[in-house]
Amino acid sequence: MATSTNFALNDPLARRVWSQSLSLEAVKDMYFSKFIGESLDSMLVLKTDLAKGAGESITVGLRMKLTKPGVEGDANDIDAGTDGREGMTFFDDKIGIDTLSMGTSSAGKMSEQRVPYDIRKQGMDALRVWWSEMFDELIMYSLAGARGITTAGMLQPVSFTGRAENPLIAPDAAHQAYGGNATGKIDVDTSDKPSLMGIEKLRTKAGLVAPTLTPFKIGGSSKYVYLIHPIQAYLMRTSTTENDWLKVHLATDSGLGKQAMMYSGAMGEYADAIIHESRNVVQFNDYGAAGNLPAARALFLGAQSGLIAYGRDGGPSNIKWYEELKNGGKQLYISTYAIFGTKQSRFNNKTFGLLAEDSYCPLTV
C-alpha cells in the first residue's frame, strides 16, 4: 500500500486541482473582483446563462420607467384618454464571449535541473498574475470605452479596440463630463483637474442624466464609486486642504467602511461617492486646444455599469488548466484558457450606469 498521495502529470484530478487553484488565486488578485456580482445592484453584473448551455452571446433586457401621469378619480376609467394606460418600453444589450488562451513552458529537463524551482508552481504563479491583470485591463477598457496610450506594464497593445464582438464604445455625450470648467476635449487645460467639487457635479449629474445612474445600496445608503488614476488622486490630495481630506477619510474608517467590501482599498468617500484609484484608468495625450495635453478618464460608477459573461468551459471564476510533455517528455507545456466577455452597459445606444470625467492628468509626477 502506498504511503503517500501523489497526483501524476496529466492526472485528471491534478488538472482540476490546478484549474481551481489558478481560478481562485486570479480572482482574488483582481482589482475589480469586489465589484462583481450576479445581482442587478452590482457595478459589474455577472451573466451566467452561457455557463449552463450553448451560445456565443447573451441578450440583456432593460425595462424603461412608465412616464404618463395616470387618471384621477373613480369616475374616470383607466382606459379613458391617453394618460391612464401606457405600453412598456424595453431596450436590450448584447454581450459576446470568446476564448482567450495563455500558456508557459519549461526549456527542458536540464534547464529545470539547474534551478531549485517547481516549474508547475512557478507557472501557476506567473499565469495567476497574467490572468488577474488581463481581466482588470479588459474591464477598465470596456467601462471607459477606450484603450488609451499607457504601455508600461499593460498587456493589450494601444491598437486594442475590443474583443469577442464587444467593441470599445466611448460614453455618449450625455454621460461624458470634464474636469474643472472645461466643457469639451479641446477646452481642457492644466487647471481642469479632478476635485471634490467635481465629485459634487458628477453626483448631481448622475440623478439628472437620461438614463439616470442607479446607486449601490450599502447599509441602506445609496453610494457610487469614483474611480481615478493614481496621478489624479495625487492632484486631488495636494490641492485639497488637510481638513477636507480628513473628512474624506472618515467614511473608510467607520464601521460600515470596514465591513463593506466596496470600501476595501478605498481612498475615502465624498458626496456619496467611494473614491478608488487604479493604475489602469485610461490616459490620453491629445487634449487641449493644441491637441497635446495629457488627460485621464475618471469613472463615476453606479449599478450595472458593465457586464461580464463567461461560457461553460471557462471564465473569470473558471480558468481551465492543461499540461503536456513534449520533445520526448523533456519539456513541460502548461496551457490555460477562459471563455468570457466584458463590455460597458448600453441600452438604446446610450451609456448606462456610469459617467466619464476627462480631466487634466500629467503622465508623470
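Each value in this text was obtained by applying a stated rule to the coordinates, not by laboratory testing. Remember, predicted model here, so these are calculated numbers, not experimental data. Note that we place each Cβ from the backbone using ideal geometry, even for glycine, and neighbour counts take in every protein chain shown.
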**Prompt:** Thinking of segment 118-166 as a set of Cα atoms, what percent of all their pairs are more than 12 Å apart?
**Reply:** 66
**Request:** Give me the net charge of ILE186's neighbourhood, meaning all other residues with Cβ under 13 Å from the Cβ of ILE186; Lys, Arg count +1, Asp, Glu -1.
**Result:** -4
**Request:** Could you line up ILE97, ILE199, ILE149 from fewest to most neighbouring Cβ atoms inside 10 Å?
**Result:** ILE149, ILE199, ILE97
**Prompt:** What does the charge count near SER221 come to, summing +1 for each Lys or Arg and -1 for each Asp or Glu among other residues with Cβ under 11 Å from its Cβ?
**Reply:** 0
